[in-house]
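What follows draws every value from the coordinates through simple rules; no lab data is involved. Fair warning: this is a prediction, and the values are worked out from it, not measured in the lab. Counting neighbours? That spans all protein chains shown, and the Cβs are built from the backbone with ideal geometry, glycine included.
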Amino acid sequence: MEEGSKKAIVAAFFANLGIAVSKLAGFFITGSASLLAEAGHSLADTGNQGLLLFGSKRSKRAADLAHPFGYGPERYFWSFVVALVLFSMGGLFAMYEGIHKLSNPQTVENPTVAFAILGFAVTLESFSLRTAMREARHEMRPGQGWWNFIHTAKSPELPIVLLEDTGAELGLAFAIFGLAMSEITGNERWDAIGSVAIGLLLVAIAGILAVEMKGLLIGEAASDEMLTALQSSITSAPQVNALIHLRTMHLGPEELLVAAKIDFDHELTISGLADAIDTTEALIRSAVPIATTIYLEPDIHRIAST
């Protein structure tokens, strides 16, 4: 895991832990459904940061007979589990609590305490989000937008923290709005509506995360920039006549599988062909350092007749 990703996860972990404790205390004092929903949200986020760190540690295990390509995809698997936790523990719980309080509204006691806790949570979440955004900028391409970064990043941790923290800020806004409307109108159901809104938001974010992680789990190709670098390094290699086809797949954020059929000089001896393949591999690794596993197959480029 990149150092920037680790910083963002650690910052999010401690921020969410502090927020979860304060929200739970606030719920016991005030009985606010929105505070309880937000407490569930923060507890889910805290557990999720732990899962991301756990997945990173597991992914570093050396390759073995059962897993000859290593354990890099563990980071993608545990990131997918994060989406499931956010959906169930965060989203469904918040919606259940909100619907329950809509049927059985309860008066929010000590609303000042509730607002103070939510304000404290906004401060900590803003710190966590700012940390994630700062670290993400180090990995973003010039002119790249936030959504494009989340959609195309091969390292799952920063996109997850960015989505979680953005969702947390929006959820806090829903909670504050629900509590404020309850106080203004005297109708306790507004607080419950805030909880339902938080649940729907978390379910939506969990869905986005699940879709993004699914793509990584089943295997995504290298980025367009990497593909261009790979093609250039192969076609510029000595003794290469043509690149017939190229296939790539991420085995992990920093591990890329490269497989290619190449038309080498037809006059090469077996020994010369082996040397040409070694040279081409070296050029590939120089151009794309994360190309950890490379398979090159010599072939003859046959142009289909029309």
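Where the centroid of each part is defined by its Cα atoms, how far is the range 1-53 from the range 186-233 in Å?
Computed from Cα coordinates, the inter-centre distance equals 19 Å.
Can you list the DSSP H helices in the chain whose Cα atoms extend at least 15 Å along the helix axis and whose mean Kyte-Doolittle hydropathy is 1.0 or higher?
Values: long enough: 3-30 (40 Å, 1.05); 33-59 (39 Å, 0.06); 74-85 (16 Å, 1.07); 93-103 (16 Å, 0.15); 111-137 (38 Å, 0.64); 157-185 (41 Å, 1.13); 189-217 (41 Å, 1.57); 224-235 (16 Å, 0.19); 270-287 (26 Å, 0.55).
Qualifying helices, which must be both long enough and hydrophobic enough, are 3-30, 74-85, 157-185, 189-217.
If r is the Cβ-Cβ distance from residue 139 to residue 184 and R0 is 51 Å, what FRET efficiency results, to the nearest 0.05? Could you put the intermediate results ahead of the total?
Numbers: r = 44 Å, r/R0 = 0.86.
Between residue 139 and residue 184 the formula returns 0.70.
Can you give the helix-only mean residue ellipticity at 222 nm for the chain, where every DSSP H stretch with n ≥ 4 adds -39500 (n - 2.57) and the sum goes over all residues, rounded to the nearest 500 deg cm²/dmol?
On the way: 10 runs with 200 residues, N = 306.
When only DSSP H runs of four or more count, the value is -22500 deg cm²/dmol.
If you scale each eigenvalue of the Cα gyration tensor by 5 and take the root, what three semi-axes come out for the chain, rounded to whole angstrom and sorted largest first? Walk me through the intermediate numbers first.
Values: eigenvalues 537, 53, 47 Å².
Over the Cα atoms of the chain, the semi-axes work out to 52, 16, 15 Å.
Can you give the FRET efficiency for residue 6 and residue 109, using 1/(1 + (r/R0)^6), R0 = 35 Å, r = Cβ-Cβ distance, to the nearest 0.05? Please list the in-between numbers first.
Values: r = 41 Å, r/R0 = 1.17.
The pair residue 6/residue 109 has a calculated efficiency of 0.30.
Treating the beta-carbon of each Lys and Arg as +1 and of each Asp and Glu as -1, no other charges, what is the dipole magnitude of the chain about its Cα centre, to the nearest 20 debye? Don't skip to the answer; put the middle values down first.
Details: 20 positive and 32 negative charges, 101 e Å.
Roughly 480 debye, rounded to the nearest 20.
Pairs of Cα atoms under 8 Å, at least six residues apart: use those to get the relative contact order of the chain, whole percent. Walk me through the numbers on the way to the answer.
Values: 491 pairs, mean separation 61.8, N = 306.
Worked out over the chain, it gives 20 percent.
So which residue, out of 257, 52, 296, gets the largest mean-square fluctuation from a GNM of the chain using Cα contacts under 10 Å as springs?
Comparing 257, 52, 296 in the GNM, the peak value goes to 296.
Compare 225, 281, 255 in a GNM of the chain, Cα atoms joined below 10 Å, and give the one with the largest fluctuation.
Per the Cα network of the chain with a 10 Å cutoff, 225 tops the list.
Highest GNM mean-square fluctuation, the chain, Cα pairs closer than 10 Å: which of 243, 201, 118?
Checking each option, the largest mean-square fluctuation is seen for 243.
List nothing, just return the count: lysine pairs in the chain, 8 or more apart or interchain, with Cα separation under 20 Å.
10
Modelling each spin label as a point 7 Å along the Cα-to-Cβ direction, I'd like the residue 54/residue 130 distance in nm, to one decimal.
Result: 3.1 nm between the two label points.
Could you give the length gained by full extension between residue 270 and residue 92, i.e. 0.36 nm per residue of separation minus their alpha carbon distance, to one decimal place?
Values: separation 178, 0.36 × 178 = 64.08 nm, distance 6.29 nm.
In short, 57.8 nm is gained.
Put a dot 7 Å past each Cα toward the Cβ at residue 224 and residue 300; how far apart are the dots in nm?
3.7
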